[in-house]
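In what follows, a structure is listed as structure tokens, so that the remarks can point back to it.
The values are calculated or read from the model by the stated rules, or taken from the named source; none is laboratory data. This one's a predicted model, so the numbers in the text were calculated from it and none came from an experiment. Backbone-built Cβ (ideal geometry, glycine too); neighbour counts: all protein chains shown. To get the accessible areas, we keep the full protein, side chains included, count just its heavy atoms, and leave off ligands, DNA and RNA. Shrake-Rupley method; radii C 1.70, N 1.55, O 1.52, S 1.80 Å.
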Amino acid sequence: MLGKKLVTAQKRGETRALCLGLGMVTCSMMMYFFIGITVVPFYTKSVWTTETVCKVLKASIRDKVLCPNSEGSEDEDIFPYPCLQVWVNLTASGQEVMLYQTEDTLDRNPKCSYVPVKLENSKEVKAQIETIASNFRKYQTFPCYYDPGGTQTNVILSRLYPPKGLLFAFLWPTLMFTGGCLIIVLVKISQYVSVLSAWQ
């Protein structure tokens with residue numbers, strides 16, 4: 001009687017562990033799919049792949065513009081802000097080009113180097129942009145990214161999805177997938193040992 005109870009408890013434990021392993025594998029596959037349709041396209045689309053050194057030539061604040069600079073945007077997403085333009089000397093080619101914060105900045109407003117976060121207080125936005133401009137004038141040499149193929153003649157300060165970020169995004173689903181497979185293998189080994197012991 002006791003032996004039957006132990007066998008039943010063991011089978012229940014194996015079933016739960018097997019379900020846990022399968023669930024982890026399923027979740028990891030869903031995460032792979034989600035990363036594949038969201039992060040990977042932005043990474044492959046970016047042409048600013050080579051790092052170089054940029055030197056600031058001019059950092060000026062123009063008149064206010066509207067953000068975002070795109071058609072079909074909702075009225076609540078449009079707000080005026082001072083337009084910061086930063087021109088740099090590209091060390092790799094010696095050209096005078098315009099600097100953007102990220103790839104997204106160029107898409108949102110190609111006239112400005114920086115697109116601020118929408119704030120209720122316009123004075124805070126102005127102070128934020130003035131601080132950024134003064135930092136560019138103070139630290140005139142810094143690393144930046146350019147397009148080695150020459151498709152884009154401008155440069156960006158930082159990439160939205162660098163190679164390290166992409167690897168980090170794939171790290172967690174990989175660990176989950178490995179853990180799930182390991183649990184399934186251990187359960188199968190346990191079942192095989194149980195059957196072998198019972199047969200002997």
* Could you rank the peptides 43-49, 92-98 by their average count of other C-beta atoms within 10 Å per residue, with the highest value first? => 43-49, 92-98
* Structure fact -> Residues whose built amide H sits under 5 Å from the amide H of R159, excluding neighbours closer than 5 in sequence, are none
* Could you provide, to the nearest whole Å², the per residue accessible area of the chain with probe 1.4 Å? => 66
* Given K45/K164; K164/K188; K58/K123; K58/K126; K118/K164, the pairs whose alpha carbons are separated by over 25 Å -> K164/K188; K118/K164
* Rg to Rh, two decimals, where segment 83-190 supplies the alpha carbon set and Rh follows Kirkwood -> 1.24
* Using the scaling law 2.2 N^0.38 Å as the reference, what is the normalised Cα Rg of the chain? -> 1.66
* Asked: What residues from segment 11-27 fall in the zone where the backbone N is under 11 Å from a label point 7 Å along the Cα-to-C-beta line of S197?
  -> none
* Scattering curve values for segment 104-143, log₁₀ I(q)/I(0), Debye with Cα scatterers, q = 0.32 Å⁻¹ -> -1.03
* Structure fact -> So the angle from the long Cα axis of helix 122-138 to the longest Cα principal axis of the chain, reported in degrees to the nearest 10, equals 80
* **Potential extension, V53-V185 segment - 0.36 nm per residue separation minus Cα distance** => 42.5 nm
* **Crossing angle, helix 2-45 versus the chain [Cα axis fit, 0-90 degrees, rounded to tens]** => 20
* Asked: Once phi is turned into ³J(HN,Hα) by the Karplus curve 6.51 cos²θ - 1.76 cosθ + 1.60 with θ = phi - 60°, what whole-Hz value does each residue of segment 179-192 show in order, with x for glycine and proline?
  -> x, x, 5, 5, 4, 4, 5, 5, 5, 5, 5, 4, 5, 5
* To do: Quickly estimate the mean residue ellipticity at 222 nm for the chain, helices only: each DSSP H run with n ≥ 4 gives -39500 (n - 2.57), and the total goes over all residues, rounded to 500.
  => -18500 deg cm²/dmol
* To do: For the chain, with a Gaussian network of springs between Cα atoms less than 10 Å apart, report the residue from T15, T91, T102 with the top mean-square fluctuation.
  => T15
* Peptides ranked, highest mean first, by Cβ atoms within 10 Å: ranges 31-42, 104-115 -> 104-115, 31-42
* Which percent of the accessible area of the chain is formed by carbon and sulfur heavy atoms (probe 1.4 angstrom)? -> 62
